[in-house]
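The values are calculated or read from the model by the stated rules, or taken from the named source; none is laboratory data. The structure presented is a predicted model; accordingly, all values stated were derived computationally and were not measured. Don't worry about glycine lacking a Cβ; one is built from the backbone with ideal geometry, like all the others, and counts go over all protein chains shown. Ligands, DNA and RNA are stripped out before the accessible areas are found, and what is left, the full protein with its side chains, is counted by its heavy atoms. Shrake-Rupley method; radii C 1.70, N 1.55, O 1.52, S 1.80 Å.
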Amino acid sequence: MASFFYMKKKHHHKKKSSFIKKWSAKLHLWFGLSVGIIVFIVSLTGTMYVFKDEIQSHLRKDAIYVKKESIIAKPMSIEVLREKVSLEVNEKYPISSVEIPLDKNKSYEFLYYEKDKKAWNYFDEVKINKLVYVNQYTGEILGIYNEKYDLFPILKSIHWSLLLKADLGKYVVGIPVVLFIIMLITGIILWWPKNKKMRKGRFSFDWKNVKTWKRKNYDLHNVLGFYVSFIALIMSLSGIYFAYPWVKNAFNFTLSGSVDLPKEKEAKSPDSLLAKNNLVFDLTARETKKLYVSSSSFRIPLNGKNKKGKDLKNIPVTVYGEEGKFAIRNQLAFDKYSGKLLSNKPHQELNTAEKYAYANYDIHTGSYFGFIGKIIWFIAGLICTSLPVTGFLIWLGKQKKKGIKA
């Protein structure tokens, strides 16, 4: 009786397992056919974007680095440099910010950036995105780059929104990415071997006796899909973190026990009643360099506006800890009239959710794990790009086979 009960239980488990695999196969197919083309585009553009910093550093090296003979003890005033750039570039929009490297051999980067909230596509939404490299010792403009029409910002927009307005496009891309996550999970379920004998053939290619391209294509989809699935999940989850507040809230709650990140209070100072010091940005830069000597660079807003276009009550300065990364950030605030330091929030004082919020972009691009991480992410991106293609070919082969039988 006991053995009969055991057999019934075992048989029931098999039925349950086959039911899960049956529906996993259906979802995998339906979602693959419906969003495969978007997954292909998003994966390809993301893969092409991975080595953006390395490629641009090589192509723009004459603009990024100043001539050694021009390096003197003290750079020119930021205000003087800003006026010089404004006159020479002659744009109707004000300069948004300046990024100052701690490396004396590198030039200052002045950025023009304005957006049109009413636009529906990338090219209309971005009014201007222009980067100007300036030798801070001589005031010489070393390079002007119209980032709006540069390859990498366009690739980023395709990846993020399919060239639609950012707020609209994140849903157009975000929904397929959510479905792709389900496809990854169902793919792992379908890949999972029933027993130890079948497990051997699931981890590698054995093409010695395989002659048909259909079988090879199936193995490529099956084996490569399994190996990339875990990294692809990280890529996808870190991607929809940007798109959907509920994903970000879930991360925040999991990491720090609160849905919301701590809100920064804009510090006020009595000095704000005084007349503005013309050297306020230089005082800000000087104090920042003293506090964070070993950092990579820092960004100072020059137009007095935040990302939403509202007036700033002070001068917020973001200090980046490592070159090519956004994970380690220190936040400072200075009085916008006197340049007096109002607040200093080092990276180590952030809670876990705040640290992850800054690190998420680096995790998404692979840069968080260094150059080796970028290589792994690049290879994973290529495999993700291939999955909709190999998957479609598997489906097409089955359709043709059904047609022949009929």
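Close amide H pairs (under 5 Å, H built 1.01 Å from N) link residue 164 with 122, residues at least 5 positions away or on another chain.
Taking each of 170/400; 61/308; 52/307; 170/214; 68/127 in turn, the alpha-carbon distance tops 28 angstrom for 170/400; 61/308; 170/214; 68/127.
Charge tally around residue 207: other residues with Cβ under 14 Å, Lys/Arg +1 each, Asp/Glu -1 each, net +3.
Karplus-derived 3J(HN,Hα) values for the range 122-127, using 6.51 cos²θ - 1.76 cosθ + 1.60 with θ = phi - 60°, are 4, 5, 8, 5, 8, 5 Hz; glycine and proline are entered as x.
Principal-axis analysis of the Cα atoms of the chain puts helix 151-161 at an angle of about 60° to the longest axis. Could you give the distance between the Cα centres of the range 323-341 and the range 114-164, to the whole Å? Using only Cα atoms to place each centre, the spacing works out to 23 Å. Counting only alpha carbon atoms, the long axis of helix 2-49 and the longest principal axis of the chain meet at about 40°. Rg/Rh for the range 341-394 stands at 1.28; both radii use Cα atoms, and Rh follows the Kirkwood definition.
Distances over 22 Å make up what percent of all Cα-Cα pairs in the range 144-239? More than 22 Å apart: 50 percent of the Cα pairs in the range 144-239.
Averaging over all projection directions, the Cα-based convex hull of the range 76-215 occupies 15.2 nm² in the image plane. At q = 0.13, 0.17, 0.24 Å⁻¹ the log10 of I(q)/I(0) for the range 55-142 amounts to -0.47, -0.74, -1.18, computed by Debye summation with a single uniform scatterer per C-alpha, solvent ignored. Helix 245-256 and the long axis of the chain differ in direction by around 80°, with both axes built from C-alpha atoms.
Note that the range 336-346 has calculated 3J(HN,Hα) couplings of 6, 9, 9, x, 5, 5, 9, 7, 9, 10, x Hz, one per residue in order, obtained from phi through the Karplus relation 6.51 cos²θ - 1.76 cosθ + 1.60 (θ = phi - 60°); glycine and proline are x. With all protein chains kept in place, the per residue accessible area of the chain amounts to 59 square angstrom at a probe of 1.4 angstrom. Between amide H atoms placed 1.01 Å from N, distances below 5 Å from residue 97 occur with 111, 302, all of them 5 or more places distant or on a separate chain.
Values of log10 I(q)/I(0) for the range 140-180 across q = 0.15, 0.22, 0.32 Å⁻¹ run -0.44, -0.69, -1.01, by the Debye formula with one identical scatterer at each alpha carbon and no solvent.
Computed over the Cα atoms of the chain, the ratio of the radius of gyration to the Kirkwood radius (Rg/Rh) comes to 1.08.
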